[in-house]
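Each remark here refers to the structure printed beneath this line.
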Amino acid sequence: MAELLFREDPYLASCEATVLAVHENTVELDRTVFYPLGGGQLGDTGRLGDWRVVDTRKSGESVLHMLEPDAKVSIGDRVQLQLDWERRHRLMRFHTALHLLGSVVKAPVTGGRIGDDKAHLDFDIEMDKLVKDAIEARLNELTSTSIQTKALWITDAELDARPDLVRTMSVAPPRGEGRVRLLEIPGVDLQACGGTHVKDTAEIGRLVVQRIRSEGKRNKRVTLAFA
Ligand SMILES: [Zn+2]
């Protein structure tokens, strides 16, 4: 299994790695800075040596770097990895913003997604409890304050004893390694999450609530964008 460098340092935009396996258009490495699609967050893009990485996916325990057609890579190659950092940083800002949103709206989260230009959470709540201006104002209060985020690790058993740490029912944190990572935004949010986050809430910048829409009886979708 590849060493997942983004877990310890989400700000690492490049690294060297060795090719362990080559499938049709995908490559497995001994280590990577590329986050694979999961937990509602898109897979990273960038470069692997001379080639474009067009997406990153998980397959079981493996991270598959999906290369542009005609890419030529061999097992044993030493390659330089380079993230599309601007895009990844935007995803990190959105991802952290969704943690803030989850704390501002007091309701169970039923789903979520982080895209290139917007991000949303779905809540099990009545429509009239979602007030756009109030949500936006509170979010921007939090992003205009510098709050340092913290990653912590706990065991699977500790997590089982604290079901309140898993707010997003449909996006369960990665398990099976005996430990699970938590993201803490002190005074705001604490939950199990395997994604990538910014280190300071001020780094998110100003947000707008782009839309609030009903997506079904138990899904009221709040969509955020950058101002
Ligand atoms: Zn997260």
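Residues are listed down the side, and each one gets a yes or a no for (1) within 16 Å of the ligand (Cβ to nearest atom); (2) under 20 Å from Leu12 (Cα atoms); (3) buried (at least 18 other Cβ atoms within 10 Å of the Cβ):
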residue: Gly43; (1), (2), (3): yes, yes, yes
residue: Leu48; (1), (2), (3): no, yes, yes
residue: Arg52; (1), (2), (3): no, yes, no
residue: Met66; (1), (2), (3): no, yes, yes
residue: Ile75; (1), (2), (3): no, no, no
residue: Gln80; (1), (2), (3): no, yes, no
residue: Glu86; (1), (2), (3): no, yes, no
residue: Leu91; (1), (2), (3): yes, yes, yes
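Yes or no: Asp128 more than 16 Å from the ligand (Cβ to nearest atom), assigned to a helix (DSSP H, G or I) and open to solvent by 80 Å² or more (accessible area, probe 1.4 Å)?
Taking the combined requirement at face value, the residue satisfies it.
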When both residues are 6+ apart or on different chains and their Cβ atoms are under 9 Å apart, which pairs have a first residue that lies in the range 192-208 and is within 15 Å of His89 (Cα to Cα) and open to solvent by 20 Å² or more (accessible area, probe 1.4 Å), and a second that is assigned to a loop (DSSP other than H, G, I, E, B) and within 14 Å of the ligand (Cβ to nearest atom)?
-> Lys199/Pro10; Lys199/Thr149; Asp200/Thr149
Is it the case that Gly60 is open to solvent by 10 Å² or more (accessible area, probe 1.4 Å), modelled with pLDDT under 95 and within 16 Å of the ligand (Cβ to nearest atom)?
-> no
Pick from the range 142-190 the residues that are of a type in the set (Ser, Thr, Tyr) and modelled with pLDDT of 90 or more: which of them is farthest from the ligand (Cβ to nearest atom)?
-> Ser144
Single condition Ser103 does not satisfy, out of (1) open to solvent by 40 Å² or more (accessible area, probe 1.4 Å); (2) outside any loop (DSSP other than H, G, I, E, B); (3) of a type in the set (Gly, Ala, Ser) = (1)
In the range 211-227, which residues are closer than 15 Å to Val109 by Cβ and of a type in the set (D, E, K, R)?
-> Glu215, Arg218, Lys220, Arg221
Enumeration of residues in the range 191-223 that are outside any loop (DSSP other than H, G, I, E, B), within 14 Å of the ligand (Cβ to nearest atom) and modelled with pLDDT of 90 or more = Thr201, Ile204
Which listed residue, of Arg138, Arg179, is in contact with a Phe, Trp or Tyr (Cβ under 7 Å, 6 or more places away or on another chain) and open to solvent by 50 Å² or more (accessible area, probe 1.4 Å) | Arg179
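The values are calculated or read from the model by the stated rules, or taken from the named source; none is laboratory data. Computed from a predicted model, the values in this text were never measured in an experiment. Cβ sites come from the backbone with ideal geometry, for glycine too, and all protein chains shown count toward neighbours. For the accessible areas, the whole protein counts, side chains as well, though only heavy atoms, and no ligand, DNA or RNA atoms are used. Shrake-Rupley method; radii C 1.70, N 1.55, O 1.52, S 1.80 Å.
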